[in-house]
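The values are calculated or read from the model by the stated rules, or taken from the named source; none is laboratory data. Model, not experiment: these values are computed from the prediction. Please note: Cβ atoms are built from the backbone with ideal geometry, for glycine as well, and neighbour counts cover all protein chains shown. When the accessible area is computed, the model is the full protein with side chains, heavy atoms only, and any ligands, DNA or RNA have been set aside. Shrake-Rupley method; radii C 1.70, N 1.55, O 1.52, S 1.80 Å.
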Amino acid sequence: MAILERFRGKSQPSPTSSTMADPEKKPQMLQVGMKEIFRPRIIAMAIIVSMGGFIFGYDTGQISGFLEMPDFLDRFADKRNEKGELAFSNWKSGLIVALLSIGTLMGALIAAPIADKFGRKYSIVFWNIIFCVGVIVQVTTTTIWYQISIGRWVAGLGVGGLSVLTPMYQSETAPRYVRGALVSCYQLFITLGIFVAYCINFGTEAERSSRAWKIPMGIGFIWSALMIFGILFMQESPRWEYRKGKVDSARHTIALTYGVSEDHAEVQREIREIQMKLEAEQAGGDHHPWYEIFTGPRMGYRVLLGITLQALQQLTGANYYFYYGTTIFNSVGISNPYVTSIILGAVNFGTTFPGLYIVEKFGRRPSLIYGALWMFMCFLVFASLGHFALGNGDGTSSQGVGYAMITFACLFIAGFAMTWGPIVWAVVGEIYPSRYRAKCMAIATASNWTFNFLISFFTPYITSAIDYRYGYVFAGCCFAGAVVVYFFLCESHGRTLEEIDTMYILGVTPWKSKHWQPTPGEELPTLDNTYLTPGARGIKKRNEARAPEELRKEEVSSTPITEADMQMTSARQ
């Protein structure tokens with residue numbers, strides 16, 4: 001573990017240090033300008049891969065409109081409200097909305113082993129096909145309400161798989177200088193999908209036939225078809241390719257994403273980092289049981305952090321508006337709640353664009369902390385107005401209060417769209433080492449979908465019991481989010497995935513992590529080379545039971561790889 005001591009809390013050596021003598025060990029960063037950021041390949045990656053977020057957003061946005069459409073109510077409603085109008089009971093509306101989340105939870109967990117075996121690219125194609133099957137199940141129903149629920153569950157499998165693969169592919173493939181923005185594009189496309197669904201619902205809700213809801217449903221095929229067609233022209237993740245022995249293809253992909261030649265120093269650096277991690281892993285026998293995602297160095301900490309952040313993203317309360325937006329604003333006396341939903345969707349989509357700038361300009365920690373505090377304030381006002389000032393339940397005598405609530409709902413959504421919406425996906429795509437990224441992201445994303453289900457299913461029951469005071473629960477969760485980020489999340493802006501891995505292994509203090517710097521020219525103590533060091537947590541007990549000769553062999557195999565070693569390895573390849 002001597003390598004840890006060279007990094008832990010140490011300042012950089014002087015410029016005369018021998019560690020800076022060889023420029024190949026620390027290639028200069030690319031000069032990045034607008035031309036490099038907006039290259040056609042990066043734009044294509046942002047649009048095509050992030051279409052997975054659009055599919056999720058579109059499916060989320062359309063269901064809130066269906067619940068208020070006359071033909072949908074005629075076919076599937078099971079009760080009448082106080083005014084004698086058709087309506088859904090709490091359990092049925094909750095089940096129709098929430099079964100998508102059950103499917104996404106399962107899809108997220110299944111996606112990891114499939115992606116590790118068959119690759120990210122073709123797994124994306126597979127999950128899009130599953131989503132299309134779910135749409136077919138829904139659109140072919142006539143009067144059987146549970147066919148809608150089953151179809152949403154099947155579609156949810158596809159959405160869940162894409163929710164893991166989209167950020168994973170972006171984080172493993174994108175150039176480091178736009179990685180945060182590209183991963184955040186997943187959330188941008190979620191907001192675009194929600195907005196488009198609201199607009200299409202508004203255009204068809206006047207229909208008095210099944211076309212009102214079947215047309216928005218059927219349009220969902222278009223988005224999957226576009227993603228399947230586009231991804232077939234994209235490269236596979238270079239980190240997955242390298243781990244499968246496709247070294248030349250991985251090098252070619254990295255060169256394409258950076259827009260440089262294959263012998264460029266930046267390409268060689270990334271290939272060298274991937275190579276050292278893989279060779280260190282293979283030196284330990286290339287056998288790693290699944291529970292190492294909890295027992296590896298600082299892995300339990302990171303898994304729990306990812307689970308917490310994804311849960312808190314849901315507990316901010318954003319989906320409280322998106323799932324039940326038309327119902328909420330109908331209750332505050334707005335004449336056409338579909339118009340209000342379009343306004344919310346437009347705010348959600350439009351303010352996500354500044355979020356792509358914020359995540360790269362100000363970093364992850366400040367954005368998440370201030371965003372959480374802003375949402376905390378907005379929900380306090382929204383809940384207080386709804387409970388204490390709204391007046392009549394239908395809002396007829398409190399129109400001004402209703403408009404004020406919509407204003408603070410828009411302010412809340414703006415804060416969410418610029419911070420917690422996109423940035424959490426970026427963070428979860430960065431904090432895990434490549435060996436465990438698929439599994440850990442699947443578990444963290446499953447946390448998101450679990451709380452998505454709980455909120456969507458129980459919201460009708462909770463709001464009927466405590467009305468708008470439900471907002472105080474979300475306000476408390478927003479405040480808790482700020483606390484969690486301040487005390488537990490390291491700043492990852494502008495760092496390589498290997499440097500982020502190093503910060504967590506070394507236990508860098510989160511609120512000081514912005515200023516941490518690795519020692520130039522030295523091998524980074526990543527999970528792979530640290531975990532294989534005798535005495536490291538997770539293999540200590542196995543080492544104690546092994547023969548001294550075997551331990552000596554492992555000490556040799558875990559010695560940091562030199563430049564000469566890599567040249568010999570390349571020659572053999």
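Computed from backbone phi with θ = phi - 60° and the Karplus coefficients 6.51, -1.76 and 1.60, the 3J(HN,Hα) list for segment 157-174 is 4, x, 4, x, x, 5, 5, 7, 6, 5, x, 5, 4, 5, 5, 7, 10, 5 Hz; x is used for glycine and proline. Please state the shape class of segment 37-236: rounded when a/c is under 1.5, otherwise prolate if a/b exceeds b/c and oblate if not, all from the C-alpha gyration tensor. Because a/c hits 1.5 or more and a/b exceeds b/c, segment 37-236 counts as prolate.
Working from label points 7 Å from Cα in the Cα-to-Cβ sense, the Asp116 to Ile47 distance is 3.5 nm. Solvent-accessible area of segment 386-486 (1.4 angstrom probe, protein heavy atoms only): carbon and sulfur portion equals 72 percent.
Sorted on the mean count of surrounding Cβ atoms within 10 Å across their residues, most packed first, peptides 360-373, 302-315, 410-423 read 410-423, 302-315, 360-373. Apolar share of the accessible surface for segment 64-179: 65 percent from carbon plus sulfur atoms, 1.4 Å probe.
Express the relative contact order of segment 37-236 as a whole percentage, based on alpha carbon pairs under 8 Å and six or more residues apart in sequence.
37
Can you flag which of Lys361/Lys439; Lys244/Lys439; Lys246/Lys514; Lys246/Lys439; Lys117/Lys514 are past 26 Å Cα-Cα? Flagged as over cut-off: Lys361/Lys439; Lys246/Lys514; Lys117/Lys514. For segment 37-236, the Cβ-based charge dipole about the Cα centre amounts to some 420 debye (Lys, Arg positive; Asp, Glu negative; other atoms uncharged). Averaged over its residues, segment 129-273 has an accessible area of 33 Å² per residue, based on protein heavy atoms and a 1.4 Å probe. Phi angles across segment 305-318 convert, under the Karplus curve 6.51 cos²θ - 1.76 cosθ + 1.60 with θ = phi - 60°, into 3J(HN,Hα) values of 5, x, 4, 5, 5, 5, 5, 5, 4, 6, 6, 5, x, 4 Hz, Gly and Pro given as x. On full extension, the segment bounded by Gln517 and Ile222 gains 101.6 nm, given 0.36 nm per residue less the C-alpha separation.
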